[in-house]
Amino acid sequence: MFENLSGKLDRAFKTLKGQGKITEINVATTVKEIRRALIDADVNYKVAKDVTDRIKAEALGRDVLISVSPGQLLTKIVSEELTQMMGGSKVDMDVKGDPAVILISGLQGSGKTTFSGKLARMLKSQGRQVMLTACDIYRPAAIDQLKVLGEQIEVDVYAEPENKNAIEIANNAIKHAKANGKKIVIVDTAGRLAVDEVMMQEIEALKEAVNPSETLFVVDSMTGQDAVNTAKTFNERLDFDGVVLTKLDGDSRGGAALSIRTVVEKPIKYISTGEKMEAIDVFHPDRMANRILG
Ligand code: GDP
């Protein structure tokens, strides 16, 4: 539907092919195209500007080969730069402790419960003894949702529907895990529709109490610029270890990945690409770079 970036850059560069090096003038004409492509992909404006400044510096003086179009060459440079900015390569979770606790945080509707199920399924398929815990004390439906997922993937779900104390539930879940030989406890938490102080205090206290080896922040990639602000707020309070970007099966180009990585300086660790339990992937910066560029 849209012309891809390489095509656009080729047009901007149509006179350059085979003419030697990329020069300041040539780059200036294309930087705008690159910046627009990034902003179209939901990359934060400041981040997009930073990227294009780096690309300019990187591209200047590069030889343009006869066999490669300038558009292709620049797209390659942009893609490499974005990959580096998103951490270069994948970053694994830290799963330590007996049991290891993985805390799942994020706003309501971001995909926390669905992701908790997916992660449990993935870890189980790697031969790990994993257990899920429902710590959403506000929405009984969230507990039922997790139980349904647990049955589907054949993973135990610990819940105390009558208990309104999330810390107590989580601590009991950890005891239950120890008693039943479970090595990893995934704690699904309550979310609100917007960042609110009560929720933040609760999840901070929960983190303090269960001492997770990994705290993940789940965010909907379709929320564009808001995703960065939410990530910033959660990180200030929770100092999380990694980000899960959900709903990448939609038409979002994934610019949130770049913005969050550069603004919050925490790695994206997983992506979620659908409602089914199999729709989970480890985050690969190079693949996301290509998606952002379209
Ligand atoms: P929570 O409130 O954060 O626990 O969010 P849920 O896990 O309940 O997800 C909210 C809605 O988004 C549900 O209808 C999910 O099926 C859906 N959902 C979650 N992850 C994805 C995803 O990666 N892609 C799509 N298309 N839908 C998703």
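Summary table below
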item	result
In the range 100-133, the residues that are surrounded by fewer than 19 Cβ atoms within 10 Å (Cβ to Cβ) and either part of a loop (DSSP other than H, G, I, E, B) or polar (S, T, N, Q) (or both)	108, 109, 125, 126, 127, 128, 129
Qualifying position, being modelled with pLDDT of 95 or more and in a strand (DSSP E or B), among 148, 187	187
Every residue from the range 134-146 that is closer than 21 Å to residue 178 by Cα and either of a type in the set (Ser, Thr, Tyr) or away from the ligand (no atom under 13 Å from the Cβ) (or both)	none
Where a residue in the range 105-126 is without any contact (Cβ under 8 Å) to a residue 24 or more places away in the chain and closer than 11 Å to residue 219 by Cα and its partner, wherever it lies, is within 6 Å of the ligand (Cβ to nearest atom) and hydroxyl-bearing (Ser, Thr, Tyr), with Cβ under 8 Å and at least six apart	none
Options 182, 232, 175, 164; residue that is charged (D, E, K, R), touching a residue at least 40 places away in the same chain (Cβ under 8 Å) and either buried (at least 16 other Cβ atoms within 10 Å of the Cβ) or more than 16 Å from the ligand (Cβ to nearest atom) (or both)	182
Leading residue by the ranking (farthest from the ligand (Cβ to nearest atom)) among those in the range 74-99 that are over 21 Å from the mean Cα position of the chain (by Cα) and buried (at least 21 other Cβ atoms within 10 Å of the Cβ)	74
Positions within the range 121-133 being touching a strand residue (DSSP E or B) at 6+ places or on another chain (Cβ under 7 Å) and either over 19 Å from residue 210 (Cα atoms) or within 13 Å of the ligand (Cβ to nearest atom) (or both), in sequence order	122, 123, 124, 128, 132
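The values are calculated or read from the model by the stated rules, or taken from the named source; none is laboratory data. This structure is a prediction, so every number in the text was calculated from the model and none was measured. So basically every Cβ, Gly included, is an ideal-geometry build from the backbone, and we count neighbours across all protein chains shown.
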